[in-house]
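These notes concern the structure reproduced below.
Values in this text are rule-based calculations from the coordinates and carry no lab data. None of the values given here were measured: they were computed from a predicted structure. Here the Cβ positions follow ideal geometry from the backbone for every residue, glycine too, while neighbour counts run over all protein chains shown.
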Amino acid sequence: MAIAIVIGCCFFDVFIAEAQGFPYVIFYGDSNAGKSTIIHMLAAIFGIANMTELTSGTSTIVALRAQVEKMNNFPVFIEELDEKRIQNIEDLGKDVFSAVPRKKSSKDGKEIATEINTSFCIGTNHFFETLTFANFSRCIPINLRRRQFDLSNFEYHSKEALKKLSCFLPKILFYRDKILDFYREQYRIAQIHCDYARICNNVAIGMAVWSIINDILKKEVLNTENLVKDYLDYFEPYLDTEISYCDVFLSDVYNLFNKKELLYGREFLITKGKYLRINLNKYCTVYQSVYHKKLHPNEIKIKIANDERVISLKTTDIKPIGRAIKIDISDNETLLDILNRVSKTAEDEEADYEETP
């Protein structure tokens, strides 16, 4: 879906005139999961084979907005968006989705409008934990995990090989006059499986591009109805609720562990291969030292109390981390990957760490 949306940027102006909006793409998740490889491949389709030409994560949001204004039907690629820019990308994403110009006043009092002429594709190691459903529905979020893809046989690692991918774009552009017919048909199919008009719009754009690819190759490389069903299964957690505070909390635990601030075996443990046992007093101390924001254990407890993953907020003593709450993280592959990065196995932990009511 994400690959198709990025390719579909070459019809950005056509979709903006007819469809309900045009989504941007986020590749987020673990380091070395393949985010950069996929982004480089997509950029090469548009003729960018030199990796240094991709927009750096150190760019300001003003610079990114200028890039979006400068390009016409040509996606802006941001290989790595750093943590400081995440909060600012939300407003840019809103403007890009509907191609709404951003107005600002100049020093001489005149009003200047920044036009939106394309969308963007970004990669980041940081989960967008503060984005609401309203904003997730304007993008295609793809969570990539280490070892999820085997890229050892990927043919287009070299600069010369990447250049070959741009030969495919003219074939796609040949369908400019037909793209909306493809889109309308795929939107009809998407409506069968989804009640959210904005989500139907997003997936129908991706489905339309895959319909074109199937037509170019004269065979069904990918069935578009299966594509929408698979994507909606993936997206379902975001359809009915905002991202819960528990998701934010668990994401912060992982980020602080990655920063080597929250120490495994001292502030938290993962037991039986599925339970997070964490000392909230120690966690809040670490959190405040890193982010310089006051946080109290009771504040966390109140916000996560109704989450079904929370097994117990009544603390029990687990040596050596102390009084700890218990959360089921059996579905959180990101946090469970911590077990692959520490010396002890979950079974060892259960045997070694004493739990006292």
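Determine, for each peptide in 220-233, 29-42, the mean count of other beta carbons within 10 angstrom over its residues, then list the peptides with the highest first.
The densest-packed peptide leads the list: 29-42, 220-233.
Using a Förster distance of 22 Å, how high is the FRET efficiency between GLU236 and ASN306, based on the Cβ-Cβ distance and rounded to 0.05? In this case the efficiency is close to 0.65.
Where does each of 19-26, 313-320 land if you order them by average Cβ count within 10 Å, highest first? Don't skip to the end; give the middle numbers.
Numbers: 19-26: 23.1, 313-320: 14.5.
Most protected by this proxy first, the peptides run 19-26, 313-320.
Please report, to two decimal places, log10 I(q)/I(0) for the range 245-356 at q = 0.10, 0.23 Å⁻¹ as given by the Debye formula with identical point scatterers on the Cα atoms and no solvent. One equal scatterer on each Cα of the range 245-356 leads to -0.25, -1.52.
Across the range 15-29, rounded Karplus estimates of 3J(HN,Hα) from the backbone phi angles (6.51 cos²θ - 1.76 cosθ + 1.60, θ = phi - 60°) give 5, 4, 6, 10, 7, 7, x, 10, x, 9, 10, 10, 9, 10, x Hz, Gly and Pro being marked x. Which pairs in the list LYS35/LYS229; LYS159/LYS260; LYS229/LYS326 are over 28 Å apart, alpha-carbon to alpha-carbon? Flagged as over cut-off: LYS159/LYS260; LYS229/LYS326.
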